[in-house]
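Taking it in order: structure first as structure tokens, then the write-up.
The values are calculated or read from the model by the stated rules, or taken from the named source; none is laboratory data. Here the structure is a predicted model, which is why all the values come from computation and not from measurement. Quick reminder, even Gly has a Cβ in these numbers, built from the backbone with ideal geometry, and neighbours come from all protein chains shown.
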Amino acid sequence: MSRTADLHADVGEVLLTEDDIRAKTAELGRRITADYAGRPLTLVSVLKGSLPFMADLMRQIDLPLRIDLMEVSSYGGTATETSGLVRIIKDLSASISGEDVLLVEDIIDTGLTLNYLVRYLRGKNPASLRICTLLDKPARRLVDIPVDYRGFEIPDQFVVGYGLDYSERYRNLRFVGVLRPEVYSEAG
Ligand code: 5GP
């Protein structure tokens, strides 16, 4: 069987199990529920990587909630690195002016994508804007971003699973693991 046909075999170390992720998502949901204390909240998430986290997190938040989805792609870069030049493929579907907004991200690496998004969303005049990320790779940060809710700090390794892809694969894994470097070096 070729490597890319066996999703599990392509992953070396499992960094976060399904249970780890479930427990952390519940904890973040409780904190967010307490911090906003009954105020309506708009969750804005960025496709496609944040989809599982968004779906799980929203069900752990006990507030009057609205959700919206954006999709962005970065120009240039490589399959495992972002360039920081961001193009909006799908914009918000409703105004966030005057709303409390929580941006829900899968992972912050260099921070360039998020930096762009934060500026973009601030320009839409929300009442407040906070950031929640499941994963944070602080070792590679190029821009300083205030993260309000952080799930896990992870080392500087390329990870897949629970929404995160390599060449659009592995998003459906229930855990987060380190992709074996052979997989992307073989792909060229
Ligand atoms: P940044 O702009 O912070 O460098 O990168 C953010 C985006 O790069 C993430 O939303 C994600 O799409 C991608 N990314 C960064 N690190 C990883 C990683 O370890 N694995 C995967 N699959 N994507 C990553």
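Picking from Ile131, Ile145, which residue would you name as being modelled with pLDDT under 95, surrounded by 15 or more Cβ atoms within 10 Å (Cβ to Cβ), more than 8 Å from the ligand (Cβ to nearest atom) and not polar (S, T, N, Q)?
Among Ile131, Ile145, only Ile145 is modelled with pLDDT under 95, surrounded by 15 or more Cβ atoms within 10 Å (Cβ to Cβ), more than 8 Å from the ligand (Cβ to nearest atom) and not polar (S, T, N, Q).
Can you pull out the strands (runs of 3 or more DSSP E) entirely within the stretch 115-188 that have at least 2 residues that are touching a Leu at 6+ places or on another chain (Cβ under 8 Å), closer than 30 Å to Ile96 by Cα and in contact (Cβ under 8 Å) with a residue 12 or more places away in the chain?
128-136, 149-153
Checking Leu117 against (1) closer than 24 Å to Leu16 by Cα; (2) crowded, with 19+ Cβ neighbours inside 10 Å; (3) not polar (S, T, N, Q), which test does it fail?
(1)
Confirm whether Ile107 is within 8 Å of the ligand (Cβ to nearest atom) and either more than 30 Å from Gly38 (Cβ to Cβ) or touching a strand residue (DSSP E or B) at 6+ places or on another chain (Cβ under 7 Å) (or both).
yes
Of the residues that sit in the stretch 99-114 and are under 11 Å from the mean Cα position of the chain (by Cα) and in a helix (DSSP H, G or I), which one is modelled with the lowest pLDDT?
Thr113
Considering only residues of the stretch 154-169 that are over 17 Å from Leu57 (Cα atoms), within 9 Å of the ligand (Cβ to nearest atom) and not polar (S, T, N, Q), which is surrounded by the most Cβ atoms within 10 Å (Cβ to Cβ)?
Val159
What are the residues in the stretch 170-188 that are modelled with pLDDT of 95 or more and more than 10 Å from the ligand (Cβ to nearest atom), if any?
Across the stretch 170-188, the qualifying residues are Asn172, Leu173, Arg174, Phe175, Gly177.
Which pairs have Cβ atoms under 8 Å, sit 6 or more apart or on different chains, and link a residue in the stretch 59-70 that is touching a residue at least 40 places away in the same chain (Cβ under 8 Å) to one that is of a type in the set (S, T, N, Q)?
Met70/Ser45
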